[in-house]
Structure formats: C-alpha cells, structure tokens
Amino acid sequence: MTDDCCPDIAFPGHDKLVSAIDTAIAAGDQHAVTAAVRNALCRLIKDQDVTLPACVHEPIVDHYARRELYRSPVHGYSVVAMTWGPGQGTPLHDHSGLWCVEGVWDGELEIVQYELLEHVGGRYRFRAAGGIHAGPGSAGSLIPPHEYHTIRNASADAIAISLHIYKAEMACCAKFVPERPGADDEWFVREDATLRTDEAA
C-alpha cells in the first residue's frame, strides 16, 4: 500500500493529462465539472502522447488493482488507474459522496448503475437503472446521490484498464451485500469498506 501525501507518478503525457483536468475543474458546479472532465478524459484516452505507466498493465491475482497516479495539491482531486483481471469486479457500492468520472483505457467493462428505492434501518433495496458494456475511449460520470453501481471485467482471458478521477482521495466507501442471496425481494445490508491502494511505479 502507498501512503504518500500527494502521489505523483511519472509517465509520458503526465503534464498534458494534469493540465486538461485542471482546466476542467474550473468549469463551474459539479455537473459542469464532471461533463468537462468526462470530455477531457475521452480525448486523453485516444491521445497518443499519453501513455499510462507500465504497472497499470499488471493485474493482481486476488483483487482488482487500484493505483493512485496523481493527487492535485491545489484542487484535491485524485487520479486512480484500475486494472481488472479476467472476471474481477466490484460489489454494489457508493463513492462516499464524491463525484467521479470513469473512463475505459483498455479492454471492456460492464457497468451497472442502481437506483436506491428504499432504506429501512440498516437495510437497502435497489433497482438496476441501466447497464453498459464500455470499451476504450468511453467515459461516464457519477454524481451523488446517483452514485450506486457495480463494475466488472466480463472477459475470460483479457485484462481491462480504467482511469478514475475523483473529487478528492477516495479512501473508503460503502458496499452493499445481499441480505438473502437469490431472494426475489432482495434486500442489501451496508458494510463500510476501506479501499486499498496498490503500489504504483
């Protein structure tokens, strides 16, 4: 795990990426900001001048990898590269109230967004509100309270790489696990999760 105050990993096109995000951050409210960041990220993924560090092409066997590449000392946003081995994915989770823009750098990911229907005590009920198969160059945004989703690499043999830009460092989140797996009226219970950051170099 890394515990640097403001991670900053060198890679080709680093300054170009940071400059584009810095410009987007100045766009206005969170809706304008996420739209500007999303547009910038779509351009950057296709930009031959920007090459993510070699480490992000290395999956980790027992979990999807989260490598923080940059954290802005001025604006506070965090850039995290995620590497998804075949079949790896997340449980249903939130983003602890942080907006996020997520773009697929390589491979393909299945992303399903959920709508919170009911919250009774420590129990939650959701409805799948739409899913996509996202390929390289595609990006989307999550703005609280519409932040519940899952991500999965459905490939049996290929890795996928995504880049996530968060409003601030995302060190924890809530994940939601089925109370009774397989039940028709499925309820979920919330579990607080601390997010691991894997070494980036």
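Within region 82-90, identify whether any single residue is within 24 Å of P12 (Cα to Cα) and either at pLDDT below 95 or among the hydroxyl-bearing types (S, T, Y) (or both), and answer yes or no.
Taking every residue of region 82-90 in turn, at least one turns out to be within 24 Å of P12 (Cα to Cα) and either at pLDDT below 95 or among the hydroxyl-bearing types (S, T, Y) (or both).
If you go through region 20-36 one residue at a time, do you hit one that is modelled with pLDDT of 95 or more, closer than 15 Å to L163 by Cβ and in a strand (DSSP E or B)?
No, because not a single residue in region 20-36 is modelled with pLDDT of 95 or more, closer than 15 Å to L163 by Cβ and in a strand (DSSP E or B).
Report those strands (runs of 3 or more DSSP E) wholly inside region 148-201 carrying at least 1 residues which are in contact with a Leu (Cβ under 6 Å, 6 or more places away or on another chain).
Of the strands (runs of 3 or more DSSP E) lying wholly inside region 148-201, those with at least 1 residues that are in contact with a Leu (Cβ under 6 Å, 6 or more places away or on another chain) span 149-152, 160-166, 172-178.
Out of D94, D8, report the one residue that is touching a strand residue (DSSP E or B) at 6+ places or on another chain (Cβ under 8 Å), crowded, with 17+ Cβ neighbours inside 10 Å and acidic (D, E).
D94
Restricting attention to region 139-194, which residues are among the basic types (K, R) and closer than 26 Å to R38 by Cβ?
R152, K167, K175
Could you check region 42-84 and list, in sequence order, the residues that are over 15 Å from W105 (Cβ atoms) and either of a type in the set (S, T, Y) or in a loop (DSSP other than H, G, I, E, B) (or both)?
V61, D62, S72, P73, V74, H75, G76, Y77, S78
The values are calculated or read from the model by the stated rules, or taken from the named source; none is laboratory data. All values reported here derive from a predicted model rather than from experimental measurement. No Cβ is skipped: glycine too gets one built from the backbone with ideal geometry, and neighbour counts run over all protein chains shown.
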